[in-house]
Structure formats: structure tokens, C-alpha cells
Amino acid sequence: MTTKENLKETVDLSQQLAEKEYEYAQLKVFYQIASVSSSVVKKSLFAFFTLIAALFLSIAAALWLGNLLESATLGFLWVGLFYVVLVSIALLFRKRIEKYVVNRLAKNYF
């Protein structure tokens, strides 16, 4: 083989490699998009049903507390206060929560 033929073969192989790398990158991007999309849909459905359950449980707890306190208003007030306390705690620890979520996402996707 001459140098010219070797050079042509090297160029051809380099071009094939570049094409395969491009196809691989496309497949990898598709896989990541599909994975993230699937995860978002699953987690959204889970969050939706969890919120619906929490809503019904909150109403039930408020009615139960209302019966105990003999005032429906006080029952709903105590349940509302409970959620205010939960939100306050979440706000106090938001940096830790944010760091935890980012670390989990990084671990899952990279």
C-alpha cells in the first residue's frame, strides 16, 4: 500500500467513525430525553394522586377535629395551622432540601 492509499483509508475510517459517533450521540440524547420524560410523567402522576389523597385526608382530619372540638371552623383552622407549620419547616430547611434534590437528580441522570 502506498502512503496515498493509507491516507485515503484513514480518512474513510475517520469519516465512518465520525458518523457512528454522531449516531451514538443522537441515540444517547434520545434515551436521556425519553428517560427524563418518563420520569416526569410518573412523578407528576404520583404527585397528583398524593395531593388528592392529602386533600381528602385533610378534610377528614378537619371534620374529625371539628367534632372533637365541637366546632368545624376550629377543626379546619387547626389543620390549616398544621400546614403552615409544615411550610415553615420546609422554608427553614430549603437549602438542605434543595441540595438533596439536586444531588439525587445528578445521581439519577449522570
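Look at the stretch 44-58: where a residue is closer than 17 Å to residue 76 by Cα and a partner is of a type in the set (Phe, Trp, Tyr) and modelled with pLDDT of 95 or more, sitting 6+ places away or on another chain with Cβ atoms under 9 Å, you get 58/76; 58/82; 58/83. Within the option set 10, 50, 2, being among the β-branched types (Val, Ile, Thr) and modelled with pLDDT of 95 or more holds for one residue only, 50. The residue of the stretch 1-36 that is farthest from residue 108 (Cα to Cα), among those that are polar (S, T, N, Q) and exposed (fewer than 10 other Cβ atoms within 10 Å of the Cβ), is 2.
The values are calculated or read from the model by the stated rules, or taken from the named source; none is laboratory data. Note that the coordinates shown come from a computational prediction; the quantities given were computed from them, not determined experimentally. Cβ sites come from the backbone with ideal geometry, for glycine too, and all protein chains shown count toward neighbours.
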